[in-house]
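Novice: Supplied in structure tokens, the structure appears directly below.
A short reminder: the numbers here are calculations on the coordinates, not readings from a lab. Everything quoted here is computed from the prediction, not taken from an experiment. Neighbour counts are summed over all protein chains in view; Cβ atoms, including those assigned to glycine, are modelled from backbone coordinates with ideal geometry.
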Amino acid sequence: MPDAKDKVDDQGVPLYTVKDGKVDQGTYNGYRRYASSCHVCHGPDGLGSSFAPALVDSLKRMDYWQFTDVVTNGRTNMGATGDKVMPTFGSDPNVMLNLADIYRYLKARSDDQVGRGRPERFPAS
């Protein structure tokens with residue numbers, strides 16, 4: 001199976017590949033990076049927590065460019081009471097150098113193409 005790590009659509013939006021329940025290297029890397037940087041607030045599977053939204057729902061409404069902006073610059077005054085804050089990750093190389101892969105993983109989760117837990121990846125070619 002070809003690796004989709006650098007695959008993008010004609011607008012530059014990162015694409016994931018899932019076949020027979022297995023993911024490409026980029027999507028798998030996105031899972032790993034999400035687990036190391038994002039899950040503390042957004043939950044282990046992107047399903048949210050009491051203080052951060054479910055990203056699997058957010059990516060049904062948010063495009064790649066909006067996602068990139070929020071991760072890079074953060075957000076304030078979120079939630080019904082305006083008391084939630086998304087910190088900025090624009091200076092965190094562990095996030096920024098892997099942002100496309102994190103998006104791939106979360107988009108695959110949002111599209112119900114990847115289930116909960118660690119995804120299985122295609123064999124190395």
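Novice: Taking the chain as a Gaussian network, Cα atoms linked when under 10 Å apart, which of ASP111, ASP20, ASP69 shows the biggest mean-square fluctuation?
Specialist: Looking only at ASP111, ASP20, ASP69, the largest GNM fluctuation is found for ASP20.
Novice: Next question, about the same structure. Just to be sure I understand the model, the point goes 7 Å from the Cα along the line to the Cβ. What's the resulting ARG32 to MET86 distance in nm?
Specialist: Simple spin-label model gives 2.5 nm for this pair.
Novice: Still on this structure, I have one more. Taking P(r) over Cα pairs in 5 Å bins from 0, in percent straight from the coordinates, which label in [x] 2, 11, 21, 26, 20, 11, 5, 2, 1, 0; [y] 2, 8, 6, 6, 5, 5, 5, 4, 5, 4, 4, 4, 4, 4, 3, 3, 3, 3, 3, 3, 2, 2, 2, 2, 2, 2, 1, 1, 1, 0; [z] 2, 9, 14, 16, 13, 11, 10, 7, 5, 5, 4, 2, 1, 0 is the correct one?
Specialist: Identified label for the calculated read-out: [x].
Novice: Once you place label points 7 Å from the Cα toward the Cβ at LYS22 and GLN113, how far apart are they in nm?
Specialist: Going from the LYS22 label point to the GLN113 one covers 1.6 nm.
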